[in-house]
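A short worksheet on the structure shown next.
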Amino acid sequence: MTTIRLYNSATRRKEAFEPLRRDDVRMYVCGPTVYDRAHLGNARPVVVFDVLFRLLRHVYGPDHVTYVRNFTDVDDKINARAREMQAAGDTRDMNAIIRMLTDETIGWYHDDMGELGALRPTQEPRATEWIGAMIGMIGVLIERGHAYAAEGHVLFDVRSFPAYGRLSGRSVDEMIAGSRVEIAPFKRDPMDFVLWKPSAPEEPGWDSPWGRGRPGWHIECSAMARELLGESFDIHGGGLDLQFPHHENEIAQSCCAHPEGSFARFWLHNEMVQVDGKKMSKSLGNFFTVRDLLDRRESRVTGDMIRFVMLRTHYRSPMDWTEEKAEEARRVLHDWQKVTMDLVPSDPAAFVPSTVLIDALSDDLNTHEALSALMRLRSEPQRLLDNARAMGFLSDEGRAEFRDEWLAYSSGRGKSEVMEQLAQDFDRLRKDALETKDFSKVDALKAALLSAGLEVRISKSGVELEPGPHFDPAKLECIE
RNA sequence: GGCGAGUUGGCGGAGUGGUUACGCAGCGGAUUGCAAAUCCGUGCACGGGGGUUCGAUUCCCCCACUCGCCUCCA
C-alpha cells in the first residue's frame, strides 16, 4: 500500500497520512465566493487539490473518498456587486440580482475549472442552503459559553478557546499589539470575530434567534464540514492566505461546538500565484481570470497548459505565471497530443499508473517530479497517455479538438486536400529549384509556411506538412 | 513592529551529507540546397559569513535580500 506523506501546516512537518477510516477518506477545501469569474489565483487550489483527490482515489479507491468544496454565496462582496449592478441600471431587487449573479458565477466556475481538467468534488454545498446548520452551531457556541450576542451580532469569544492562534503560529496578545483594524465597540476582545450579523431590509437575510441577519464568513465552512464530513475528518485545504484568520476561526468554532471531535487532522495550504513577484489578488487588481487566458485568441492558451504550468511548481512555493512557462507547456503538450493521437486510452479501472508517478505524488504532491516522470514516458506513448490522463491531462475533448485540427491541416493523412495540394506544389517548386539553383520562390513559401506554425518536413520521398505547437490557421490564409 | 516561507546553472525548477535531476535556451554533430522537425553528444549552479564533519549546496548559527500573513482574498 502506498504511503502518502503530506506537509501538515498544523504541525509544520511532513507526516505519513493515515485516514481515520480507510473506506471513507474525507477532505474539505475552501471554495470561491461567487460574484466574479475565477482568476488564476483561485484556480491554483482547485488544481492542486484535484491532484490530491485523484491520488487519494487511486490509493483508497474511487468510492472511498469524499471531497467537499463549498460555494460562498452569501457575502458582503456579493451584496456590493449587486448594488453596483443596481447603480448601473438593474431594476430588480437585490435578492433577485444576487440569485442570478451567484447561479451564473457557479456555472462559469464549473466551466472554467472543468477546462483545467479538475474533477468535480463529491459535494459542492452552497452556503445559503445550510443556514439552518449555521444557526444551530452558533446556538451551541452560545450555550457552551464560547459566543455572545451583542447589538444584533453574535461574536465568537476568542479568549474562551486557549488554542486560538495555534494553526497560524500567533498569540492573541501579539495580534492585538500589532493590530491595525478598527475595533467594533461591542466586542469583548478586539480579536473576537463575527458569527452572525444583522442584515438591512433589502439585503439577503434569514430569521434567527438574534434577529434577521446573515452568517459571518467563517461559520459556513465549520457548519457544512460538520454536516457533510462529521466532527472529525482527514484533510482541510485552502490557500495560504486563508490560514489566518479564516482557518483559525473555523478551528475555534468547530472545536468549541464539537469538542468530541478533532475537526481536520491535516491542514494543507497552497502558496499564492504571483504576477511580477507580487501576489495576484483582487484587492491589488493585478489579476486575470482563467477565462481571459483561455479566450485570448492570439495566445491560444488551453486548459491543459494552465494545469501544466500550475503543476510545474510545487504547491507550497509561490508560482509566477510567465509567458515562458506557458510556452514550455504548449510545446510539451503539443508533443504529447501528437504522439498519443491515434491511441485509445486504457480502461481507468484496469490501468496501473507508473510507480514513479505515484511515488512522486505521494511525497507531498511533488507534481513537478510527476510531470518530469511523464516526460520520460514519451517513448512509450500508451503509458504516457494513460498516466497523463490519470494526472488530469489529455481529456477526451482536448484530444478530439487536437486531432481534428491536426488532421485538417496536415498533408499526407487525414482529410486535408488543401494541405496535400500545398505540399505537392511545394515539392514541385523545390524540385525545379534544385535544377535551376534558384531557391528564392521555395524559400519564400517555406518561410510563409513556417511562420504559420507548420512543420515542413522535406525528404527524398517528398514534402510533408504538419501543424506545430504554434500553428495558427488564420496565418495560413495569406499564403498563395 | 510580530509571525512564517524562501534564496540552486542563461531561464524555469526538483533534489541530495560525498559520486551534481529534468525541461527550455546555448554549443557541437548527423540530416538538409538552406532550414524546420528529429536523433546523438556537450558546457554551465547551489545568496554572503561562521560552525559541526574526513567531507556541506544539503545540518546548526548569524547577516543580506525576496515574498506572504497580521484587513476582504485561493
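Of the conditions (1) within 15 Å of RNA strand B (Cβ to nearest atom); (2) among the charged types (D, E, K, R); (3) surrounded by fewer than 24 Cβ atoms within 10 Å (Cβ to Cβ), A:Arg265 clears all except one; give me its number.
Evaluating A:Arg265 over (1) within 15 Å of RNA strand B (Cβ to nearest atom); (2) among the charged types (D, E, K, R); (3) surrounded by fewer than 24 Cβ atoms within 10 Å (Cβ to Cβ) leaves (1) as the failure.
Identify, from the list A:Leu52, A:Leu6, the residue that is assigned to a helix (DSSP H, G or I) and either under 18 Å from A:His247 (Cβ atoms) or away from RNA strand B (no atom under 15 Å from the Cβ) (or both). Give the derivation first.
Details: A:Leu6 fails: assigned to a helix (DSSP H, G or I).
From the options A:Leu52, A:Leu6, the qualifying one is A:Leu52.
Taking segment A:95-123 on its own, how many of its residues are among the basic types (Lys, Arg) and either out of contact with any helix residue (DSSP H, G or I) (no Cβ under 8 Å at 6 or more places or on another chain) or part of a helix (DSSP H, G or I) (or both)? Outline the logic, then answer.
To start, the set of residues in segment A:95-123 that are among the basic types (Lys, Arg) comprises A:99, A:120.
Applying the additional criterion that residues be either out of contact with any helix residue (DSSP H, G or I) (no Cβ under 8 Å at 6 or more places or on another chain) or part of a helix (DSSP H, G or I) (or both) yields A:99.
Residues flagged as among the basic types (Lys, Arg) and either out of contact with any helix residue (DSSP H, G or I) (no Cβ under 8 Å at 6 or more places or on another chain) or part of a helix (DSSP H, G or I) (or both) within segment A:95-123 amount to 1.
Test A:Ser254 against the criterion of being in the same structural domain as A:Met137 (by TED's automatic domain parsing), among the small types (Gly, Ala, Ser) and touching a Leu at 6+ places or on another chain (Cβ under 8 Å), and give yes or no.
Details: in the same structural domain as A:Met137 (by TED's automatic domain parsing): yes; among the small types (Gly, Ala, Ser): yes; touching a Leu at 6+ places or on another chain (Cβ under 8 Å): no.
So A:Ser254 does not fit the description; no.
With respect to A:Leu293, is the statement that it is more than 25 Å from A:Trp108 (Cβ to Cβ) and buried (at least 17 other Cβ atoms within 10 Å of the Cβ) true? Break it down stepwise before answering.
On the way: more than 25 Å from A:Trp108 (Cβ to Cβ): no; buried (at least 17 other Cβ atoms within 10 Å of the Cβ): yes.
Judged against the criteria, A:Leu293 is not a match.
Only one of A:Arg22, A:Arg26, A:Arg57, A:Arg92 is more than 12 Å from RNA strand B (Cβ to nearest atom) and assigned to a strand (DSSP E or B); which?
Values: A:Arg22 fails: assigned to a strand (DSSP E or B); A:Arg57 fails: assigned to a strand (DSSP E or B); A:Arg92 fails: assigned to a strand (DSSP E or B).
Only one candidate passes the filter, namely A:Arg26.
Based on what the data block shows, is A:Thr11 within 10 Å of RNA strand B (Cβ to nearest atom) and free of Cβ contacts under 8 Å to residues at least 60 places away in the same chain?
On the way: within 10 Å of RNA strand B (Cβ to nearest atom): no; free of Cβ contacts under 8 Å to residues at least 60 places away in the same chain: yes.
No; evaluated as a whole, the condition is false for this residue.
Among the residues of segment A:134-151, is any more than 30 Å from A:Asp24 (Cβ to Cβ), part of a loop (DSSP other than H, G, I, E, B) and assigned by TED's automatic domain parsing to the domain that holds A:Asn70?
yes
Kindly state which helices (runs of 4 or more DSSP H) lie completely within segment A:287-401 and contain at least 2 residues that are within 12 Å of RNA strand B (Cβ to nearest atom) and free of Cβ contacts under 8 Å to residues at least 40 places away in the same chain. I'd like the intermediate steps shown before the answer.
Numbers: elements: A:290-295, A:303-312, A:323-340, A:355-362, A:367-376, A:381-390.
Of the helices (runs of 4 or more DSSP H) lying wholly inside segment A:287-401, those with at least 2 residues that are within 12 Å of RNA strand B (Cβ to nearest atom) and free of Cβ contacts under 8 Å to residues at least 40 places away in the same chain span A:323-340, A:355-362, A:367-376.
Would you confirm whether or not segment A:403-420 contains a residue that is surrounded by 15 or more Cβ atoms within 10 Å (Cβ to Cβ), in a helix (DSSP H, G or I), basic (Lys, Arg) and at negative phi?
Yes, segment A:403-420 contains a residue that is surrounded by 15 or more Cβ atoms within 10 Å (Cβ to Cβ), in a helix (DSSP H, G or I), basic (Lys, Arg) and at negative phi.
Where the second residue is of a type in the set (Gly, Ala, Ser) and in a helix (DSSP H, G or I) and the first is more than 18 Å from A:Gly412 (Cα to Cα) and lies in segment A:423-440, which pairs have Cβ atoms under 7 Å and are six or more apart or on separate chains?
Sorted first by the residue in segment A:423-440, then by its partner, the pairs are A:Phe439/A:Ala433.
Just a yes or no: is a residue in segment A:167-177 under 21 Å from A:Phe263 (Cα atoms), modelled with pLDDT of 95 or more and among the charged types (D, E, K, R)?
No, there is no match, as no residue in segment A:167-177 is under 21 Å from A:Phe263 (Cα atoms), modelled with pLDDT of 95 or more and among the charged types (D, E, K, R).
Could you tell me whether segment A:229-236 includes any residue that is outside any helix (DSSP H, G or I), within 16 Å of RNA strand B (Cβ to nearest atom) and buried (at least 24 other Cβ atoms within 10 Å of the Cβ)?
From segment A:229-236, those outside any helix (DSSP H, G or I) are A:230-236; that's our starting set.
Subset that is within 16 Å of RNA strand B (Cβ to nearest atom): A:235-236.
Going one step further and asking which of them are buried (at least 24 other Cβ atoms within 10 Å of the Cβ), we end up with A:235-236.
Among the residues of segment A:229-236, at least one is outside any helix (DSSP H, G or I), within 16 Å of RNA strand B (Cβ to nearest atom) and buried (at least 24 other Cβ atoms within 10 Å of the Cβ), which makes the answer yes.
Inside segment A:437-455, can you point out the residues that are within 7 Å of RNA strand B (Cβ to nearest atom) and surrounded by fewer than 18 Cβ atoms within 10 Å (Cβ to Cβ)? Even if it seems obvious, please write down each step before you answer.
First, pick out the residues of segment A:437-455 that are within 7 Å of RNA strand B (Cβ to nearest atom): A:439, A:442-443, A:446, A:450, A:455.
A:Phe439, A:Asp443, A:Leu450, A:Glu455, listed by residue number.
Has segment A:331-354 got any residue that is within 25 Å of the chain's Cα centre (by Cα), at pLDDT 90 or above and farther than 21 Å from A:Met310 by Cβ?
Checked against the condition, which is being within 25 Å of the chain's Cα centre (by Cα), at pLDDT 90 or above and farther than 21 Å from A:Met310 by Cβ, segment A:331-354 yields at least one hit.
Which of (1) away from RNA strand B (no atom under 13 Å from the Cβ); (2) surrounded by 20 or more Cβ atoms within 10 Å (Cβ to Cβ); (3) over 20 Å from A:Gln337 (Cα atoms) is the odd one out, the single condition A:Ala423 does not satisfy?
(1)
Take segment A:74-89 and flag every residue that is within 16 Å of RNA strand B (Cβ to nearest atom) and not in a helix (DSSP H, G or I). Full working, then the answer.
Of segment A:74-89, the ones within 16 Å of RNA strand B (Cβ to nearest atom) are A:74-84.
Residues satisfying the conditions are A:Val74, A:Asp75.
The values are calculated or read from the model by the stated rules, or taken from the named source; none is laboratory data. Given the structure is predicted, the values throughout are model-derived calculations rather than measurements. Because the Cβ atoms are built from the backbone with ideal geometry, glycine has one as well, and the counts that use them run over all protein chains shown.
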